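Only one structure is covered here, and it is reproduced in the block below.
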Amino acid sequence: WPRLWPARCLSTCETICRAKEDGAVNVVIKDIARAAGVSTATVSNVLNGRKNVSDATRERVLRICGEMDYQVNHAGRALKSGESKTILFNFSDFDREFYLKIIHGISDYVYSRQYDLIICTSGSCDRFMSKSFTSGCIMLDKSCNDQLLKRKAQKGYPIVALDRILDEPNVKCLLVNNYPPMRELVEGLVGRGYRNFAFLGGVNTLDNRERYQAFQDVLGEHGIPFHPESYLTGDYREKSGYQAAKLLLIGERLPQALVCANDNMAIGAMRAFREAGLRIPDDVAVTGFDDTPLAELLGLSTVAIPNYERGYLAAQHLIANIEGAQSYETFKIQARVVWRGSVGVPRGD
């Protein structure tokens with residue numbers, strides 16, 4: 001192939017390569033174009049995979065890029081074009097294990113589509129939610145308010161929300177279908193003979209409201225009273241579940257069953273009960289929601305959310321909308337009840 005090049009191109013390439021080795025120059029598209037004897041537009045077409053370039057020219061440009069160790073400036077390209085093949089995942093709590101499965105699902109799909117992934121928290125998400133930095137965002141952080149998401153979406157920025165419902169163009173809501181499995185869980189507890197309940201909820205999120213509503217509805221349908229003081233609030237961390245159980249232990253009447261809005265709080269409560277010498281489920285039954293690996297290890301009855309698939313689907317829907325699908329109907333993820341040893345066996349078994 002060197003025989004096809006003009007002598008001036010070979011000279012230019014050799015000069016720039018020597019200068020680069022000496023650390024005196026950063027190779028740019030103009031240098032590649034000059035060495036290949038083509039226009040900068042042709043080099044750009046080759047680097048972007050466009051098909052309006054002959055095979056011989058494409059091969060020559062790519063060979064020169066390799067010889068000159070040319071590195072594509074992705075950030076500069078994004079700033080110039082206003083587009084970036086980068087996905088943003090925003091979440092709030094590094095202590096919650098289920099996020100890892102979601103991140104794994106997101107990353108597997110994102111990388112399969114040749115996109116990059118940035119992970120951040122609410123403190124920095126505002127500045128990264130821009131097409132000059134990222135192509136779109138997957139949001140799982142209630143501390144980012146709805147107004148921020150609406151403002152970004154109205155500017156044409158694609159978002160997949162995993163933690164809220166927003167009726168807004170450019171926002172796809174992908175939510176866990178919390179109500180049916182929580183109903184099934186509480187119905188199962190009632191069917192096992194439990195009549196005295198406490199509920200340990202989290203912060204005021206859509207997930208928590210739906211889970212508590214299902215809990216209330218089942219008790220109401222069976223005529224089982226539930227007193228407001230039997231509702232405790234945690235922050236989804238294990239420590240808050242431990243503290244809530246301690247409060248129950250100093251009360252006048254321990255519930256027969258403690259229903260928790262997530263596994264971490266349920267695991268903390270189980271630890272406090274066992275430290276107090278109580279047997280689970282003989283003295284008190286405990287349930288969670290999520291199905292973390294530790295829940296399985298400890299024999300916690302819970303609701304299993306397919307979090308890897310949740311992340312994968314979120315990335316799939318987001319990239320589809322980035323690339324023009326414009327599908328914004330709310331998508332519901334199904335979950336299932338898993339019965340384990342933290343709850344007694346059904347009556348008659």
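As an exercise: evaluate residue 97 against (1) out of contact with any Leu (no Cβ under 8 Å at 6 or more places or on another chain); (2) at pLDDT below 80; (3) open to solvent by 70 Å² or more (accessible area, probe 1.4 Å) and give the number of the one condition it does not meet.
(1)
Any chance the stretch 173-186 includes a residue that's more than 18 Å from residue 337 (Cα to Cα) and under 28 Å from the mean Cα position of the chain (by Cα)?
The initial filter retains those residues of the stretch 173-186 that are more than 18 Å from residue 337 (Cα to Cα), namely 173-174.
Still in the running and under 28 Å from the mean Cα position of the chain (by Cα): 173-174.
For the stretch 173-186, residues more than 18 Å from residue 337 (Cα to Cα) and under 28 Å from the mean Cα position of the chain (by Cα): present.
Being closer than 15 Å to residue 91 by Cβ and open to solvent by 10 Å² or more (accessible area, probe 1.4 Å) is the filter here; which residues of the stretch 149-192 pass it?
163
Is it the case that residue 113 is over 21 Å from residue 100 (Cα atoms) and out of contact with any Lys or Arg (no Cβ under 8 Å at 6 or more places or on another chain)?
no
Hey, among 50, 34, 77, 60, which residue is at pLDDT below 80, of a type in the set (D, E, K, R), assigned to a helix (DSSP H, G or I) and more than 29 Å from residue 308 (Cβ to Cβ)?
Values: 50 fails: assigned to a helix (DSSP H, G or I); 34 fails: at pLDDT below 80; 60 fails: at pLDDT below 80.
Going through 50, 34, 77, 60 in turn, just one is at pLDDT below 80, of a type in the set (D, E, K, R), assigned to a helix (DSSP H, G or I) and more than 29 Å from residue 308 (Cβ to Cβ): 77.
Kindly indicate the residue of the stretch 109-120 that is farther than 19 Å from residue 130 by Cβ and in contact with a helix residue (DSSP H, G or I) (Cβ under 6 Å, 6 or more places away or on another chain) and also surrounded by the fewest Cβ atoms within 10 Å (Cβ to Cβ) among those meeting that condition.
Filtering first and then ranking leaves 113.
Which of the following residues is among the basic types (Lys, Arg), open to solvent by less than 40 Å² (accessible area, probe 1.4 Å) and touching a residue at least 60 places away in the same chain (Cβ under 8 Å): 211, 237?
Residue meeting the stated conditions: 211.
Out of all the residues in the stretch 278-288, which are surrounded by fewer than 19 Cβ atoms within 10 Å (Cβ to Cβ) and either touching a Ser or Thr at 6+ places or on another chain (Cβ under 9 Å) or touching a residue at least 40 places away in the same chain (Cβ under 8 Å) (or both)?
Once the filter is applied, which keeps residues that are surrounded by fewer than 19 Cβ atoms within 10 Å (Cβ to Cβ) and either touching a Ser or Thr at 6+ places or on another chain (Cβ under 9 Å) or touching a residue at least 40 places away in the same chain (Cβ under 8 Å) (or both), the stretch 278-288 yields only 282.
Quick test for you: out of 138, 106, pick the one residue that is open to solvent by less than 30 Å² (accessible area, probe 1.4 Å) and part of a strand (DSSP E or B). Before the answer, list the steps.
On the way: 106 fails: part of a strand (DSSP E or B).
Exactly one residue qualifies, and that residue is 138.
I need a count of the residues in the stretch 130-156 that are within 20 Å of residue 326 (Cβ to Cβ), modelled with pLDDT of 90 or more and not polar (S, T, N, Q).
11
Could you grab the pairs with beta carbons closer than 8 Å, sequence gap of 6+ or different chains, first residue in the stretch 27-48 and under 14 Å from residue 60 (Cα atoms) and open to solvent by 40 Å² or more (accessible area, probe 1.4 Å), second one among the hydrophobic types (A, V, I, L, M, F, W, C) and outside any helix (DSSP H, G or I)?
Close Cβ pairs satisfying both conditions: 37/5; 47/72.
The values are calculated or read from the model by the stated rules, or taken from the named source; none is laboratory data. Since the model is a prediction, treat every value here as computed from it, not as a measurement. Glycine gets a Cβ as well: all are built from the backbone with ideal geometry, and neighbour counts include every protein chain shown. These area figures cover heavy atoms from the full protein model, side chains too; ligands, DNA and RNA do not enter into them. Shrake-Rupley method; radii C 1.70, N 1.55, O 1.52, S 1.80 Å.
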